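Visitor: Here it is, the structure, as structure tokens.
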Amino acid sequence: MLPTDNHVHTRWSWDTAASSGMELACARAVELGLPGIAFTEHLDFTTWSHGDTGRQLGIGPRPHVRPLDVPGYTADIARCRETFPELRIYSGVETGEPHLFSGAVAAVLAAGEFDRVLGSLHAIDCDGSLDFVDATLFGKLDPLDLMRRYLAELLVLVESCSVFGVLAHCDYPRRYWPARDVGEYPEAEFEDGYRAVFDALASSGRTLEINTRSPLASVELVRWWWQEGGDAVSFGSDAHDPHSVGSRFDLAVDIVEAAGFKPGRDRHDFWRR
Ligand SMILES: [Zn+2]
Ligand SMILES: [Zn+2]
């Protein structure tokens, strides 16, 4: 039996097409037999708000990022809950760099009701500006160095920010790893960095996401999470279109199971140790 998809974007996210409606994503989840779906729309900011701890970084406006329309999104969730009573539908947000935008994130969370709050690091501080991690950044920095900087910043995020319950795609830069130039992603090279993040996440009783849009985690990597005391695993497709809901969950479930985790208390729960 496949688990809930705890990481799905729809037209309410700034990087998702208007045709990616919530209803279509729900229909796909029902078709796959998923017990639930969480709509974790992007919560990103381009300017600093009161209480943000990242103020000293000189970021300028980042193109394309749009604020989340919380009332519109919430009304859409309510409609879907009526239309799909057989599916458990969670509200949620994916907070980008929440340790830097702490004030802005707190204000949005206080204004709505969110079942799932994901914490994500999509951008890192490069000489005082906040740069998205992508192929362009890999072209500017040494790949090993970029990945080490990323994991170091991710540790700061986990240790200094408690607004989120699930850490999303813990090795996000892996999506852009320049394998053609430098060979396969050397996961073991970064074991210490992963373990430090997992230790901090586990000590604070939070959940690690297995992201199936990213290159799939190895059994070894998920076992590091288990060994560092991780209790719970969440599955997230990070779908930005309805057809990607639940994508590769069959493979992800096998990996997580091989690392020692089992389905939780009921079919709506995270997987547990
Ligand atoms: Zn993300
Ligand atoms: Zn996402």
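Visitor: When Arg66 is evaluated against the numbered criteria (1) within 18 Å of Ala18 (Cα to Cα); (2) more than 16 Å from ligand 1 (Cβ to nearest atom), which criterion, by number, is the only one it fails?
Guide: All conditions are met except number (2).
Visitor: To continue, here is another question. Out of all the residues in the range 111-157, which are in contact with a Ser or Thr (Cβ under 7 Å, 6 or more places away or on another chain) and crowded, with 18+ Cβ neighbours inside 10 Å?
Guide: Within the range 111-157, Phe114, Arg116, Val117, Leu118, Gly119, Ser120 meet the criteria.
Visitor: Hey, another quick one. Please find, within the range 158-203, the residue that is farthest from ligand 1 (Cβ to nearest atom) out of those that are of a type in the set (Val, Ile, Thr) and within 21 Å of Asp145 (Cα to Cα).
Guide: Top of the filtered list is Val182.
Visitor: Let me ask something additional. I need a count of the residues in the range 3-15 that are over 14 Å from Gly72 (Cβ atoms) and in a loop (DSSP other than H, G, I, E, B).
Guide: Counting residues in the range 3-15 that are over 14 Å from Gly72 (Cβ atoms) and in a loop (DSSP other than H, G, I, E, B) gives 4.
Visitor: Looking only at the range 158-193, which residues are within 21 Å of Gln227 (Cα to Cα) and surrounded by fewer than 22 Cβ atoms within 10 Å (Cβ to Cβ)?
Guide: The answer is Glu159, Gly165, Pro186, Glu187, Ala188, Glu189, Phe190, Glu191, Asp192, Gly193.
Visitor: Being touching a Leu at 6+ places or on another chain (Cβ under 7 Å) and of a type in the set (Ser, Thr, Tyr) narrows it down to one residue among Thr10, Thr95; which is it?
Guide: So the residue among Thr10, Thr95 that is touching a Leu at 6+ places or on another chain (Cβ under 7 Å) and of a type in the set (Ser, Thr, Tyr) is Thr95.
Visitor: Now for a separate question. Does the range 17-39 contain at least one residue that is out of contact with any Pro (no Cβ under 7 Å at 6 or more places or on another chain), in a loop (DSSP other than H, G, I, E, B), among the hydroxyl-bearing types (Ser, Thr, Tyr) and at pLDDT 95 or above?
Guide: yes
Visitor: Give all pairs with beta carbons closer than 7 Å in which a residue from the range 149-169 that is of a type in the set (Asp, Glu) meets a residue that is within 16 Å of ligand 2 (Cβ to nearest atom); count only pairs at least 6 apart in sequence or on separate chains.
Guide: Glu153/Leu121
Visitor: Can you list residue pairs whose Cβ atoms sit under 6 Å apart, with the first residue in the range 84-108 being closer than 15 Å to Ser13 by Cα and the second being among the aromatic types (Phe, Trp, Tyr) and open to solvent by 10 Å² or more (accessible area, probe 1.4 Å)? Count only pairs 6 or more apart in sequence or on different chains.
Guide: So the pair list comes out as Ser91/Phe114; Gly92/Phe114; Val93/Phe114.
Visitor: Which residue out of Glu228, Glu220, Glu184 is away from ligand 2 (no atom under 16 Å from the Cβ) and without any contact (Cβ under 8 Å) to a residue 24 or more places away in the chain?
Guide: Glu184
Visitor: Checking the conditions here, which among Glu209, Glu220 is open to solvent by less than 20 Å² (accessible area, probe 1.4 Å) and either of a type in the set (Asp, Glu) or within 16 Å of ligand 1 (Cβ to nearest atom) (or both)?
Guide: Result of the check over Glu209, Glu220: Glu209.
Visitor: Test of understanding: among Arg81, Arg88, Arg66, which residue is of a type in the set (Lys, Arg), open to solvent by 30 Å² or more (accessible area, probe 1.4 Å) and within 20 Å of Glu209 (Cα to Cα)?
Guide: Arg88
Visitor: May I pose another question? Kindly indicate which of Ala29, Ala38, Ala17, Ala106 is surrounded by fewer than 16 Cβ atoms within 10 Å (Cβ to Cβ), within 27 Å of Cys170 (Cβ to Cβ) and under 20 Å from the mean Cα position of the chain (by Cα).
Guide: Ala17
Visitor: Let me ask you something else. Of the numbered conditions (1) touching a Ser or Thr at 6+ places or on another chain (Cβ under 9 Å); (2) more than 16 Å from ligand 2 (Cβ to nearest atom); (3) open to solvent by 60 Å² or more (accessible area, probe 1.4 Å), Leu57 fails exactly one; give the number of that condition.
Guide: Among (1) touching a Ser or Thr at 6+ places or on another chain (Cβ under 9 Å); (2) more than 16 Å from ligand 2 (Cβ to nearest atom); (3) open to solvent by 60 Å² or more (accessible area, probe 1.4 Å), the lone unmet condition for Leu57 is (3).
The values are calculated or read from the model by the stated rules, or taken from the named source; none is laboratory data. A quick note: this is a predicted structure, and the numbers were derived from the prediction, not measured. Neighbour counts are summed over all protein chains in view; Cβ atoms, including those assigned to glycine, are modelled from backbone coordinates with ideal geometry. Heads up: the accessible areas ignore ligands, DNA and RNA and are worked out on the full protein's heavy atoms, side chains in. Shrake-Rupley method; radii C 1.70, N 1.55, O 1.52, S 1.80 Å.
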